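Working notes for the structure below.
The values are calculated or read from the model by the stated rules, or taken from the named source; none is laboratory data. For clarity, every value in this text was computed on a predicted model and none was experimentally measured. For neighbour counting, all protein chains shown are included, and Cβ atoms are generated from backbone atoms with ideal geometry for every residue, glycine included. Ligands, DNA and RNA are stripped out before the accessible areas are found, and what is left, the full protein with its side chains, is counted by its heavy atoms. Shrake-Rupley method; radii C 1.70, N 1.55, O 1.52, S 1.80 Å.
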Amino acid sequence: MPIVRLADIIGQPAAVEFLRGVVAGGRFANAYLFHGPAGVGKGTAALAFARALLCEHGGGAPSGAPGLFDEPIPPTGAALPDDACGGCAACGKSATLQHPDLKFLFPVSGEEKELDGTVAETIAALREDPLFVFTYEKASSIRLSLTRELIRELGFQPFEAARRVVVVRDADRMREDQYSALLKSIEEPGPSTVWVLSSSRPNRLPATIRSRCQRVRFAALSEQAVIAFLEQRAAVKAEEARLLAALASVSLARALTLREAEPLKLRNEALALIDPALRGDAQGLWKASQSFMKYGRTGRETLRRMIEFHELWLRDLLRARYGAPRELLANRDREEELRRQAQQIDAHEIRRRLTVLEEALRSIDGNVTADMTVFSAMARVAGARFGEGEWPPHPAGRWDY
Ligand SMILES: [Zn+2]
């Protein structure tokens, strides 16, 4: 069951405590805005919060006398539970996103005429995979047609629960005119709708929307929290979990997307490539580069990751130079090698190489052929020691270093 309870959210004690307090208090703002770094659990928490608001033993209990076979509703004035019970019919439905009063909007890409299919596929994947991660293309957006439909529905009474909860993931991916429709609805939602927006770029939301939301801040996750999650819930081996956490800059979502790409194997390939460059060995670099050319145009993501592994290695070199203990090294399984290299290179040179890699990452996103970018970056990492005549002839003759 993919939609968890607030109690299951990791690494966000302050936000979770606040939200559980809101649930127990039984008084809700018109709208909440969950904000904080990408990939730290805002979207997951938004759905968990919605679930708690719909739970029959909490805020979701419909008003009016209980039916003959209903479980007794706690008398008014008694404290409500502070989380979804997980066992009632409403919790069952919301866990699989099938509760009629739980509305869920998220950015999608692709053709408008295939929209229904795209949305259904995403929801099915989310339902089935407890480790599902939303990934977006640049142009992904929350579609106008879906917003319209939703806002029309809000005019009616909720179907089963005391209120309707509208969760909007990455709410910053909307158009201006959508925001005005949304704003009207947030300002006058009636007693029966609670909006829960999430965004890692809240400044892109119009100020008028932000100011009407109760803001809930999500913190950056600690590396330890990401590692523990990967190991315990995603069955990732300890060594790989550490690399993934470092590579993903503690975005759990990104670490989860990267976990299936054999991180250790790719890290080793990446190191085999940068090694001759670090030694200034032109022939060796040429040879090593033959093995990564296979990724070519199709493997942009893989090549990007290789460069990220290079950056991780260089950062480790910096740390090692400054005497960082083993626990602080992402590549600590190759500690001996790191320490040795760190002795032979000065910090200034490491920083220069990091700049080269940063530039390479930027140009991989542009129209440049990705494998060329990597190769030319490696040549520049190698530095000025490479002379023109050292390269074997290449038929394309287009190395640009
Ligand atoms: Zn429940």
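If only residues of region 214-226 that are out of contact with any His (no Cβ under 8 Å at 6 or more places or on another chain) and under 18 Å from Ala38 (Cβ atoms) are counted, the one that is surrounded by the most Cβ atoms within 10 Å (Cβ to Cβ) is Val226.
Considering only residues in region 340-355 that are among the charged types (D, E, K, R) and open to solvent by less than 70 Å² (accessible area, probe 1.4 Å), the one that is farthest from the chain's Cα centre (by Cα) turns out to be Glu349.
Out of the helices (runs of 4 or more DSSP H) lying entirely within region 79-181, which hold 1 or more residues that are away from the ligand (no atom under 16 Å from the Cβ) and basic (Lys, Arg)? In region 79-181, the matching helices (runs of 4 or more DSSP H) lie at 115-128, 144-153. Taken as a whole, the condition of being surrounded by fewer than 16 Cβ atoms within 10 Å (Cβ to Cβ), of a type outside the set (Gly, Ala, Ser) and more than 20 Å from His35 (Cα to Cα) applies to Leu115. When region 27-45 is limited to residues that are open to solvent by less than 10 Å² (accessible area, probe 1.4 Å) and in a strand (DSSP E or B), the one that is modelled with the lowest pLDDT turns out to be Ala31. Taking (1) touching a Gly at 6+ places or on another chain (Cβ under 8 Å); (2) surrounded by fewer than 18 Cβ atoms within 10 Å (Cβ to Cβ); (3) hydrophobic (A, V, I, L, M, F, W, C) in turn, Ala162 satisfies each apart from (2). Taking the listed residues Ser289, Ser249, the one that is open to solvent by 20 Å² or more (accessible area, probe 1.4 Å) and small (Gly, Ala, Ser) is Ser249, with no other qualifying. Answer yes or no: is there a residue in region 135-145 that is crowded, with 20+ Cβ neighbours inside 10 Å and more than 24 Å from Gln12 (Cα to Cα). Among the residues of region 135-145, at least one is crowded, with 20+ Cβ neighbours inside 10 Å and more than 24 Å from Gln12 (Cα to Cα), which makes the answer yes. Out of Pro202, Pro206, one residue alone is of a type outside the set (Gly, Ala, Ser), farther than 15 Å from Leu105 by Cβ and without any contact (Cβ under 8 Å) to a residue 60 or more places away in the chain. It is Pro206. Once region 348-401 is narrowed to residues that are out of contact with any Asp or Glu (no Cβ under 7 Å at 6 or more places or on another chain) and polar (S, T, N, Q), the residue that is modelled with the lowest pLDDT is Asn367.
Among (1) closer than 16 Å to Arg305 by Cα; (2) among the acidic types (Asp, Glu); (3) touching a Lys or Arg at 6+ places or on another chain (Cβ under 7 Å), there is one condition Glu269 misses while meeting the rest; what is its number? For Glu269, the exception is condition (3). Among all positions in region 106-121, there is at least one residue which is within 18 Å of Val196 (Cα to Cα), in contact with a helix residue (DSSP H, G or I) (Cβ under 9 Å, 6 or more places away or on another chain) and at pLDDT 90 or above. The number of residues in region 214-237 being more than 18 Å from the chain's Cα centre (by Cα), assigned to a loop (DSSP other than H, G, I, E, B) and at negative phi comes to 1. The single condition among (1) modelled with pLDDT of 90 or more; (2) over 12 Å from Ile209 (Cα atoms) that Leu197 does not satisfy is (2).
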